[in-house]
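As structure tokens, the structure follows; a few thoughts come after it.
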Amino acid sequence: QVQLVESGGGLVQPGGSLRLSCAASGIIFPIYTMGWYRQSPGKQRELVAVIRSSGSSDYIDSVKGRFTISRDNAKNAVYLQMNNLKPEDTAVYYCNGVFASQSYWGQGTQVTVSS
């Protein structure tokens with residue numbers, strides 16, 4: 001059974017930091033492209049950052065220089081370090097794993113940036 005379990009969300013003030021974690025099980029983790037998506041009320045889910053099996057990564061423009069995605073294949077985990085958080089980063093963040101036609105999602109973790 002495949003499971004992606006996110007953790008690390010919470011309430012933080014603008015300018016603060018959070019580190020999201022996603023623990024994967026039931027997949028051959030190193031071959032998967034892993035991504036972090038987010039969705040806020042009334043908006044479509046958007047891809048925030050992706051890291052491939054090669055280790056290369058990409059980000060949407062609005063988080064470049066503030067967010068860092070990383071993976072630890074030994075721990076079957078992917079992380080999203082979020083610095084200098086802004087109110088517009090408020091959303092439910094989802095972990096996603098993709099390989100060929102297989103795509104799996106976590107249940108999401110809420111990130112709220114507010115003073």
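The values are calculated or read from the model by the stated rules, or taken from the named source; none is laboratory data. Please read these numbers as outputs of a predicted model, since none were measured by experiment. We place every Cβ from the backbone using ideal geometry, glycine too, and count neighbours over all the protein chains shown.
Pairs are defined by a Cβ separation below 8 Å, a sequence spacing of at least 6 or placement on different chains, a first member in segment 9-25 that is more than 21 Å from GLN107 (Cα to Cα) and modelled with pLDDT under 95, and a second member that is part of a loop (DSSP other than H, G, I, E, B) and among the β-branched types (Val, Ile, Thr); no pair meets this definition.
Residues in segment 82-115 that are closer than 23 Å to LYS43 by Cα and of a type in the set (S, T, N, Q): ASN83, ASN84, THR90, ASN96, SER103, GLN107, THR109, GLN110, THR112, SER114, SER115.
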